[in-house]
Amino acid sequence: MNYLNVLKNATFLVFGLLLIYICGCDRVQDMILSEPQDAMDAAPIQVSVVYPGDCLGDSSYCDVLYNGVQKAKAELSVEITEMESNFETWDMQLQAAAANSGLVITSGYQMADPISRVAPEFPDVMFVIFDAAVDLPNVVSFTHRVNEGTFLVGAIAGLKSKTGKVGYLGGANVPLLHEFEAGYLAGVKAVNPDAEIVRGYVADDQQGFYDPVSHRA
C-alpha cells in the first residue's frame, strides 16, 4: 500500500471518529449499516471540505484529503460539500462552509491562520485541519513528523551525489518548510558529513507554491 493510500485510509478513519463524536455512536453505526437513504435520515450532519487552492493532482496533502473524502462519501454515505479556494478567499470560503455545516475540514499549514480567525465566529461548528496545529476548543488538528520523511530523502541525496554537493529548494520560507529542511539536512549529513548543501526558497510566503516561476524570475 503506497503512502497516499495509507493517508487516505487515515483520513477516512478521522471522518468516522469525528462523526461518532458529533452524532453519537448509535447514529454513526446506523450510517455504516443502513441503506443510504436511512443513513442520511439517521445522521443529517452537513460536512464541508475546503481545499486551500488548485492543488489536486499533485500527490500532496490535497490529494490525501480528497481521497479520504471520496472514501467517506462512498462508505459512510455522508453528504460532503467540496470547495476550492485561494489565498484571497480562504476566510470567506471557511465562513460560507461553517454557515452551512456542522463539520468543516481543510488541510495545509497556510490554512492555520484563516482557521484561527474564522473558528471563533462559529463556536458550535467543529473545524478540522491537517498538517497544521490550531489551539482552539472547536478545532481538531492532525500533524505528522515531516522531518522523518525528508531525513530519508536527504540520506538518498547524500548517497547519490557524485560531486559532494546537494541542493534544497523549499516552496515557501515558512516554519513547516523549515522542518522539512532540517530533516533533509540531517539526512544528508548522516551519510555524507562533508557534503556541501546549497539551500534556498522560492518565496517568503505560500505564493511560492502557486506561482513559482514569477517568484524565481
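Please give the net charge around Leu94, taking every other residue with its beta carbon less than 10 angstrom from that of Leu94, where Lys and Arg add +1 and Asp and Glu add -1. Don't skip to the end; give the middle numbers.
On the way: positive: Arg117; negative: Asp91, Glu121.
Once positives and negatives cancel, what remains is -1.
Show me 142-155, 120-133 ranked by packing, highest mean number of other Cβ atoms within 10 Å first. Walk me through the numbers on the way to the answer.
Details: 142-155: 16.2, 120-133: 18.3.
Final packing ranking: 120-133, 142-155.
Considering only the other residues whose Cβ falls under 12 Å of the Cβ of His144, what net charge follows from Lys and Arg at +1 and Asp and Glu at -1? Walk me through the intermediate numbers first.
Details: positive: Arg145; negative: Asp131, Glu148, Glu179.
It works out to a net charge of -2.
Sum up the charges of everything whose Cβ sits under 12 Å from the Cβ of Ser116, counting Lys and Arg as +1 and Asp and Glu as -1, but leave Ser116 out. Intermediate values should be presented prior to the final figure.
On the way: positive: Arg117; negative: Asp91, Asp113, Glu121, Asp135.
Neighbourhood net charge equals -3.
Between Ala182 and Glu121, what is the label-point separation in nm under the 7 Å Cα-to-beta-carbon projection?
3.3
Toward the positive end of the charge dipole of the stretch 67-200, about the Cα centre and with charges on Cβ (Lys, Arg +1; Asp, Glu -1), which of Gly187, Ser116, Thr106 goes farthest?
Comparing the listed Cα positions along the dipole, Gly187 ranks first.
Any read-out appearing in this document is the output of simple, stated calculations on the displayed coordinates, not a laboratory observation. Keep in mind the model is a prediction, meaning the values are calculated, not measured. Heads up, the Cβs are rebuilt from the backbone with ideal geometry, glycines too, and the neighbour counts pull from every protein chain shown.
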